[in-house]
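The values are calculated or read from the model by the stated rules, or taken from the named source; none is laboratory data. A quick note: this is a predicted structure, and the numbers were derived from the prediction, not measured. Quick reminder, even Gly has a Cβ in these numbers, built from the backbone with ideal geometry, and neighbours come from all protein chains shown. For the accessible areas, the whole protein counts, side chains as well, though only heavy atoms, and no ligand, DNA or RNA atoms are used. Shrake-Rupley method; radii C 1.70, N 1.55, O 1.52, S 1.80 Å.
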Amino acid sequence: MWNGERILPEGFATFVSTVAPAWAADGRPVYGGFFWINGDNAFPVPREAYYMSGAGGQTVLIVPSHGLVVVRIGHYKGARAGTEAFRRALAILMDAVPPAKGRT
């Protein structure tokens with residue numbers, strides 16, 4: 001919802017953050033509906049987080065329980081170091097930002 005107007009269909013967040021059947025059957029809880037899922041703890045955030053991953057390590061990570069959307073802009077050169085720095089920053093962020101009220 002944005003300013004009282006529904007932007008995405010009802011249930012969209014649940015759809016994209018639920019493990020897709022083929023991935024569940026393979027025992028790999030890492031992909032949902034168009035989004036990657038933190039089901040294997042790839043990032044040091046709650047498992048309920050989901051994200052878009054692009055070229056050069058660019059990432060948009062959504063952490064509903066904390067009311068956070070974290071964006072990392074990157075480039076192929078330095079992507080590995082940038083991803084490790086992103087993980088370290090996320091761990092610090094999770095310590096600094098408590099769960100949002102009503103979202104735990």
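Data for the structure
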item: Residue list for the stretch 9-43, restricted to those being assigned to a loop (DSSP other than H, G, I, E, B) and aromatic (Phe, Trp, Tyr); result: Phe34, Phe35, Phe43
item: Unmet requirement for Gly57, which otherwise passes all of (1) open to solvent by less than 50 Å² (accessible area, probe 1.4 Å); (2) at negative phi; result: (2)
item: Residue match in the stretch 70-88 (condition: closer than 18 Å to Thr18 by Cα, open to solvent by 30 Å² or more (accessible area, probe 1.4 Å) and out of contact with any Cys (no Cβ under 9 Å at 6 or more places or on another chain)); result: no
item: Unmet requirement for Ala49, which otherwise passes all of (1) at pLDDT 95 or above; (2) open to solvent by 70 Å² or more (accessible area, probe 1.4 Å); result: (2)
item: Residue in the stretch 15-25 that is farther than 21 Å from Ala96 by Cβ, in contact with a Lys or Arg (Cβ under 7 Å, 6 or more places away or on another chain) and surrounded by 14 or more Cβ atoms within 10 Å (Cβ to Cβ) present; result: no
item: Total residues in the stretch 46-69, condition farther than 16 Å from Val16 by Cβ and either part of a loop (DSSP other than H, G, I, E, B) or in contact with an Asp or Glu (Cβ under 6 Å, 6 or more places away or on another chain) (or both); result: 2
